[in-house]
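K.L.:
This is the structure I have questions about; it appears just below.
The values are calculated or read from the model by the stated rules, or taken from the named source; none is laboratory data. These figures come from a predicted structure and were not determined experimentally. Here the Cβ positions follow ideal geometry from the backbone for every residue, glycine too, while neighbour counts run over all protein chains shown. To get the accessible areas, we keep the full protein, side chains included, count just its heavy atoms, and leave off ligands, DNA and RNA. Shrake-Rupley method; radii C 1.70, N 1.55, O 1.52, S 1.80 Å.
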Amino acid sequence: MYTEKEVAAAIDHAVLKPDQTEQDLRANAAMCIERGVASMCVRPCDIKLAAELLNDSPVMVSCVLSFPHGADTTAVKAFQAEQAIEDGAQEIDMVMNIGQFLSGNYDAVRADIKAVVDVARRAGVIVKVIQESCYLTLEQVAKACELACEAGADFVKTSTGFGPSSATPEIIAVMLKTVGDRMKVKASGGIRDWATAVAYLEQGVARLGIGATATVLDGGRSAADY
């Protein structure tokens, strides 16, 4: 049995929709502090304000990078990481280069991740690698996990929440089997109720990416896409 506090402490609350405003960010930050989530995950342009709003609270600032397609050049991703850290990010959720991965250019994918990890390591910042696993076979999920591990990342993560599908227990099982002894796993996308959140925690994930955090923690079910 998980308590509300325990589930909240595993949540990276997502404030990532393109139409969310500064007022939305302020309201979500207040909710994050009140509910005791692990982090508030924001767009790069919102990091500075998020850091101000969450200052003096235990809630971390996390951000997305090269979101949601992972198609920026490696140099741009490294710069984005530097900028995010300078602005106050404590954790970075980067999207791997999906097209390069599906092309079989594994060395390029590994180097792309490592460039961000190298920047983050100097500042003690955590890196999570989003696979957007709905585009991958389970065998490819395992391969992507290995590449992220070889590049030195801290987490593998299922989804952006903006792709055609989301986390599944089958995908999580492959991630845990492949790198669960060396990395942490984050389930993200499609977690819209308490039962789903708890099931992933029981399966072994360390973090949950959730947009409807208050609804989930209150035992409801969100009708939102993310």
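K.L.:
Can you work out which of the residues in segment 58-109 that are among the β-branched types (Val, Ile, Thr) and in a strand (DSSP E or B) is surrounded by the fewest Cβ atoms within 10 Å (Cβ to Cβ)?
P.N.:
Val64
K.L.:
While we're on this one: So, in segment 115-132, exactly how many residues are in contact (Cβ under 8 Å) with a residue 40 or more places away in the chain and in a helix (DSSP H, G or I)?
P.N.:
Residues in segment 115-132 being in contact (Cβ under 8 Å) with a residue 40 or more places away in the chain and in a helix (DSSP H, G or I): 4 in total.
K.L.:
(1) under 15 Å from Tyr135 (Cβ atoms); (2) surrounded by 19 or more Cβ atoms within 10 Å (Cβ to Cβ): which one isn't true of Asp154, the others all being true?
P.N.:
(1)
K.L.:
Could you please tell me which pairs satisfy a Cβ distance under 7 Å, a separation of 6+ or placement on different chains, a first residue in segment 211-226 that is more than 12 Å from Thr196 (Cβ to Cβ), and a second residue that is at pLDDT below 70?
P.N.:
Matching pairs, first to second residue: Gly211/Ala224; Gly211/Tyr226.
K.L.:
Within segment 80-87, is there a residue that is at pLDDT 95 or above, under 20 Å from Thr158 (Cα atoms) and touching a Pro at 6+ places or on another chain (Cβ under 8 Å)?
P.N.:
No, every residue in segment 80-87 fails to be at pLDDT 95 or above, under 20 Å from Thr158 (Cα atoms) and touching a Pro at 6+ places or on another chain (Cβ under 8 Å).
K.L.:
Asp93: under 18 Å from Pro18 (Cβ atoms) and free of Cβ contacts under 8 Å to residues at least 24 places away in the same chain, yes or no?
P.N.:
no
K.L.:
Could you please find all residues in segment 28-54 being touching a Ser or Thr at 6+ places or on another chain (Cβ under 7 Å) and β-branched (Val, Ile, Thr)?
P.N.:
Once the filter is applied, which keeps residues that are touching a Ser or Thr at 6+ places or on another chain (Cβ under 7 Å) and β-branched (Val, Ile, Thr), segment 28-54 yields Ile33, Val37.
K.L.:
Could you say which residue among Glu139, Glu132 is open to solvent by less than 20 Å² (accessible area, probe 1.4 Å), of a type in the set (Asp, Glu) and modelled with pLDDT of 95 or more?
P.N.:
Criteria check complete, one pass: Glu132.
K.L.:
Quick check on this structure: which one of Gly190, Gly204, Gly163 is touching a Ser or Thr at 6+ places or on another chain (Cβ under 7 Å) and either over 23 Å from Val109 (Cα atoms) or at pLDDT below 95 (or both)?
P.N.:
Answer to the check: Gly190.
K.L.:
Residues of segment 8-38 being open to solvent by less than 40 Å² (accessible area, probe 1.4 Å) and in contact with a Phe, Trp or Tyr (Cβ under 8 Å, 6 or more places away or on another chain), which ones?
P.N.:
Ala14, Leu16
K.L.:
Identify, please: which residue in segment 39-57 is open to solvent by 10 Å² or more (accessible area, probe 1.4 Å) and closer than 20 Å to Lys157 by Cβ and is, among those, farthest from the chain's Cα centre (by Cα)?
P.N.:
Asp46
K.L.:
Any residue in segment 175-197 that is touching a residue at least 60 places away in the same chain (Cβ under 8 Å), part of a helix (DSSP H, G or I) and more than 12 Å from the chain's Cα centre (by Cα)?
P.N.:
Checking segment 175-197: at least one residue is touching a residue at least 60 places away in the same chain (Cβ under 8 Å), part of a helix (DSSP H, G or I) and more than 12 Å from the chain's Cα centre (by Cα).
K.L.:
So, one more: Looking at Val37, Val95, Val61, can you tell me which residue is in contact with a Pro (Cβ under 7 Å, 6 or more places away or on another chain) and modelled with pLDDT of 95 or more?
P.N.:
Residue meeting the stated conditions: Val95.
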